[in-house]
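Remarks on the structure that follows.
The values are calculated or read from the model by the stated rules, or taken from the named source; none is laboratory data. Computed from a predicted model, the values in this text were never measured in an experiment. Every residue, glycine as well, gets a Cβ built from its backbone with ideal geometry; the counts of neighbours run over all protein chains shown.
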Amino acid sequence: MRKLDVRLLRMVRHSKGQFVSVTVIVAVALCIYILFSITSTNLRNSVDYYYKITNISDLTIQLVKIPQGALDNLQSIEGVRDVQGRVCVDVALEVEEEKERVKIRLISIPDNGGSINKLYSEQKVSMKLEDNSSVILLEQFAKARNIKIGDVIYPRINGRIHSLKVSGIASSSEFVYLMENEQSLMPAPEKFGVAYTSEAFAQSVFGYRGSYNEVLVTTETDADIDDVIDRIEQKLDKYGVKKIIKLEDQLSNDVLEQELDGIEMLSSVLPVMFLTVAAIIISIMLSRIVNNDRMAIGVLKALGYGNRIVLSHYIKYALAIGLAGAILGIWGGMMLAGPISRYYTVFFNIPLAGVKIQYGYIFYGILLTCMFCTVSGLLGARRVIRIMPADSMRPEAPKSGKRTFIEKVTFFWKHVPFSWKMVIRNILRNKKRFAFLVLGLAMAYGINTVPLYMKDAMMSMFELQYGEYQKMDYTIQFNGPQNERIIVDLNNLIEVRRIEPRIEYPFELAKDWRKMTVSVIGVPRQTAFHKFIDMKDNVIILPESGIFITEAIAEKLNAKKGDTITIKSFIPGKDDIETKVTGIFKQYLGANAYMNIESMEELLLEEQLITGVSVAAQADLKDELKDVANISAVNSVDDMYRAYEEYIDLMLLAIGFYMLFGGVLGFALIYNSTIIGISERTMEFATLRIMGFDRKDVYGMICRENFVMGGIAIIVGIPLGAGMIKGMVESFSSDIMTLPYILKPESFIQAAAATIMFVIIAQLATLRKVYNLNFIDALKSRIS
Amino acid sequence: MQKKILMKIENSSKDYKMGEVTVNALCDASFEIYEGEFIAILGPSGSGKSTLLNIIGGMDLPTQGKVFLRGDEINKYNDRKLTAYRRDKVGFVFQFYNLMANLTAKENVELATEMCKEALNIDEVMESVELGDRKDHFPSQLSGGEQQRVAIARAVAKNPLMLLCDEPTGALDYKTGLLILSLLHKINRQLKKTVVIITHNMAIGDMADRIIKMRSGRIVEIKENASPIPPERIEW
């Protein structure tokens, strides 16, 4: 080995504390990168594989009713590969606990198991039912409710309780994420499940004899999906198409995609942040080492070593950190990739299509690390080039002393205590380094603000949606459109504080070539349950005619207030209508449009027909209405809130985990910069000691510097954190969910407290170094 | 016998900027160094000796004037050529040894020879400075005299044209100092290496072939020493 490299190795050994602490940051960066990159690829492969073996439908068509025979017409459409009809209805499930409300979606499957959306169970696809009174239960639901094969479930269909034997338990590719609808924020598998029944059973109990209300379609791989949709729409016009859902917009798939995108984002953003902080520390560390090695560099140059070799000697130190960290991180990432991929597939309930280590990521990981380390090494060690061998033999000339700009404010400066004067001067002495450290620390602070924001956002998303924008206690859905008179009946049946009619129906909204299918909700103009807030935070009232759309819809359709959009009705015999966008309002969960109920009845449905009501009531309506015919669902805001709270508790754990990242960065920055600072200023501290300062005074001075830095970092970190949150809002918002951009002072204060805590911990970790410094020795030796 | 000129320094001056002050370290120095010669540059501290030595060794460039090595003008060298010059032609010995603290004695010598094409056998060189049994020790485990011998071994092992020594005995006691001087004398006489010593110790001049005296950045006297005495007989 070359002697310079021997020296390098010993240099590493000599500064092992710092070397290790920076290596750990690099290792964490690489571990996250490798782990999440491999996991996301494995997951994407698994999802693709799962979709392929279960032959997931490319299109799901919801319609009023379609006879079995009409399906053959679809088969002949260009681009359509396969077609399968089914009956799909949500009903209540009777469970032991009387108060508990559980909903189950009954979906019919053909007797042969079908060829689309095949059920999957333990490596086996396509399951068949035993007989007409048996069901196959969706695995997540069976697990959550501890239902076993052989058990009986009791769905309440049209007021009558049926008993169905569970003959199998399986998972389905269309319910990887088991969520009832867009308004449910997260899966609640014990409250909502899916059971697959025989066609004969479903058709008979739901009144679909010889017909279906949903059609699954797979398309040819080279077919243009939108063209196929257009052709299908034409063919099915008379059957009352409600909604055609593409696989990419399908709820489970959409949430799954978001989750995968989230993992991918994690795999790129966090490593870059960690590597940036590592780079800052490395460059500060190297500039310190080079400064210390000034004479050694002079000797090397005197011996005939050129700039390139000497510079690369120090860059190798940075690369050594990078490589050690990369090897450790890649090893860790690879070790964890298998279990984490497996964990995710279990969590998502999909078969794992094998854990593959993609060597490309390892290559990119090493490349990225080497780039960061080389640049930081160059930044830190570039002074090597300027060191002339002859100069290096002389003691360094004192830096030209100047008054700092603060000192020019004499009135202020006069009142600053001496020890603080030193702190201020020290900070301003090395402005560039100070700026870098502040930036790094601000980043750590920013990282801390994001999870706290997420907690706030989730919390206020719910509170805004159901406390501010929508104030009903229950929404009741009818089996089908009912005459408005039903309100009178309901009023007699239950005790309510207020009741309002509502129409909720899916329509396709279109502007130019952009279109989107959403639930359009009709409510009375003077509604007490709905409050519409526009983007400028003004309350807006529904006009006689026109439509209110959410921000997400406006964006998707590229529609502004005042624009005309087309509402395309799926109801047979109804023409498309044009209407004006009269308002764009805030809604965080789900994407809906609102209209004045009267104009909606008039334009789109039969007059005086409603599909549900919104109710404010104290009593438990779910219980009171459970036997009432014509009611398909009673949704309680309270129930949702409870489920939501459980979810938030789970999230707190994740928040702690993320804050640890910010903490590790903050710690590493403060710890390393303090250690470097101490070793740089040994002479200065020694002089102070001789002048009568004690250890505590010296330590106090370092602490003050770090806290000033921490304070400034927090101030800089506030806009940085707000920016990160903004990025989060943009990347996480989708058609079905918009994160509110709310900046609560509490979260920023909490993040500041966490940052200060990490600074204190790092500070304490350096205490021993200061107390163990041999000041007298330091004074004696000028030569390193 | 006709003496061959190894180096020629012509009207060389050097100014330094130390912070906000400009120091006139060397003024208009001119002289020659002959091959195989033992030269002592004498003068009090601050007289410009080290500056002169640095310029001779290619560690520094004169602000004015010319420096030739066998007719080649080294003050016109670019950084790369200057580095090669230091690597192949010059061996330095410093007052404070300047060894790499985290390399052993032998590794310190190897550090220098790794770069050179015509390096001498390291073990032989270590033996010649009587450090054969101490070669695996780190500088902190060696006495000042031993450290200086390592530094001399490091300079000699490169097999340079000349040895430039900056106060080589400055940090040593009398006896150890004499030992170092004998070693340098031996290298000069036996290996035929040109040796240039700078020192403020006038007595050392007695062992040199030629003495150059300096004061306040100027050469005030260049004197031939017709009968240099062996270092063992020097006293101070």
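What the table shows:
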read-out	value
A:Phe363 vs. criteria of a type outside the set (Lys, Arg), within 21 Å of A:Ile263 (Cβ to Cβ) and touching a residue at least 24 places away in the same chain (Cβ under 8 Å)	no
Residue ranges of strands (runs of 3 or more DSSP E) in segment A:53-97 with at least 2 members of a type in the set (D, E, K, R) and in the same structural domain as A:Ser211 (by TED's automatic domain parsing)	A:80-86, A:88-94
Condition met for B:Phe38 (touching a His at 6+ places or on another chain (Cβ under 8 Å), of a type in the set (A, V, I, L, M, F, W, C) and away from every other protein chain (no Cβ under 12 Å))	yes
In segment A:761-777, the residues that are modelled with pLDDT of 85 or more and either buried (at least 16 other Cβ atoms within 10 Å of the Cβ) or not in a helix (DSSP H, G or I) (or both)	A:Ala762, A:Gln763, A:Ala765, A:Thr766
Residues of segment B:120-155 classified as away from chain A (no Cβ under 14 Å) and among the hydrophobic types (A, V, I, L, M, F, W, C), total	6
Selected residue (criterion: nearest to A:Lys471 (Cα to Cα)) from residues of segment A:593-641 that are modelled with pLDDT of 80 or more and among the hydroxyl-bearing types (Ser, Thr, Tyr)	A:Ser614
Residue tally, condition surrounded by fewer than 16 Cβ atoms within 10 Å (Cβ to Cβ) and farther than 29 Å from A:Gln234 by Cβ, over segment A:556-576	2
Wholly enclosed helices (runs of 4 or more DSSP H) of segment A:590-681 bearing at least 2 residues within 22 Å of the chain's Cα centre (by Cα)	A:637-680
Residue in segment B:40-59 that is over 17 Å from B:Thr199 (Cα atoms) and in contact (Cβ under 8 Å) with a residue 12 or more places away in the chain present	yes
Selection from segment A:71-119 of residues that are buried (at least 17 other Cβ atoms within 10 Å of the Cβ), small (Gly, Ala, Ser) and under 23 Å from A:Ile232 (Cβ atoms)	A:Gly79, A:Gly85, A:Ser108, A:Gly114
Within segment B:78-119, tally of residues that are out of contact with any Ser or Thr (no Cβ under 9 Å at 6 or more places or on another chain), more than 9 Å from chain A (Cβ to nearest Cβ) and farther than 24 Å from B:Glu167 by Cα	4
Verdict on A:Gly325 being away from chain B (no Cβ under 12 Å) and closer than 30 Å to A:Val255 by Cβ	no
A:Leu311 of a type outside the set (S, T, N, Q), within 14 Å of chain B (Cβ to nearest Cβ) and surrounded by 18 or more Cβ atoms within 10 Å (Cβ to Cβ)	yes
Candidate set: segment A:349-363, residues that are farther than 16 Å from A:Ser37 by Cβ and among the hydrophobic types (A, V, I, L, M, F, W, C); chosen: the one surrounded by the most Cβ atoms within 10 Å (Cβ to Cβ)	A:Ile350
Pair list, Cβ < 7 Å and 6+ apart or interchain, from segment A:721-734 residues that are farther than 15 Å from A:Pro451 by Cβ to residues that are buried (at least 16 other Cβ atoms within 10 Å of the Cβ) and not aliphatic (A, V, I, L, M)	A:Ser734/A:Asp254; A:Ser734/A:Gln258
Count of segment B:41-77 residues which are more than 10 Å from every other protein chain (Cβ to nearest Cβ) and either touching a strand residue (DSSP E or B) at 6+ places or on another chain (Cβ under 8 Å) or over 22 Å from B:Lys158 (Cβ atoms) (or both)	25
Test: A:Val277 is away from chain B (no Cβ under 14 Å), within 30 Å of A:Ile61 (Cα to Cα), buried (at least 23 other Cβ atoms within 10 Å of the Cβ) and under 34 Å from the mean Cα position of the chain (by Cα)	no
Test for A:Arg7: is it buried (at least 21 other Cβ atoms within 10 Å of the Cβ), within 14 Å of another protein chain (Cβ to nearest Cβ), over 30 Å from A:Leu660 (Cα atoms) and basic (Lys, Arg)	yes
Residue within segment A:482-494 that is in a strand (DSSP E or B), assigned by TED's automatic domain parsing to the domain that holds A:Gly562 and surrounded by 18 or more Cβ atoms within 10 Å (Cβ to Cβ) present	yes
Set A:Leu256, A:Leu251, A:Leu260, A:Leu216: member being over 30 Å from A:Tyr361 (Cα atoms), of a type in the set (A, V, I, L, M) and modelled with pLDDT under 90	A:Leu251
Boolean, A:Asp237 is of a type in the set (Asp, Glu) and within 30 Å of A:Asn45 (Cα to Cα)	no
Residue, farthest from the other protein chains (Cβ to nearest Cβ), within segment A:280-308, restricted to residues that are of a type in the set (D, E, K, R) and closer than 27 Å to A:Leu669 by Cβ	A:Arg288
Any hit, segment B:165-183, residues being within 14 Å of chain A (Cβ to nearest Cβ) and either small (Gly, Ala, Ser) or free of Cβ contacts under 8 Å to residues at least 24 places away in the same chain (or both)	yes
Tally, over segment B:168-189, of residues that are over 22 Å from B:Glu32 (Cα atoms) and surrounded by fewer than 16 Cβ atoms within 10 Å (Cβ to Cβ)	5
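One line per residue, one yes/no per condition, for (1) touching a His at 6+ places or on another chain (Cβ under 9 Å); (2) outside any loop (DSSP other than H, G, I, E, B); (3) surrounded by fewer than 17 Cβ atoms within 10 Å (Cβ to Cβ); (4) assigned by TED's automatic domain parsing to the domain that holds A:Gly304:
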{"position": "A:Gly333", "(1), (2), (3), (4)": "no, yes, no, yes"}
{"position": "A:Phe347", "(1), (2), (3), (4)": "no, yes, yes, yes"}
{"position": "A:Gly365", "(1), (2), (3), (4)": "no, yes, no, yes"}
{"position": "A:Gly377", "(1), (2), (3), (4)": "no, yes, no, yes"}
{"position": "A:Gly380", "(1), (2), (3), (4)": "no, yes, no, yes"}
{"position": "A:Phe411", "(1), (2), (3), (4)": "no, yes, yes, no"}
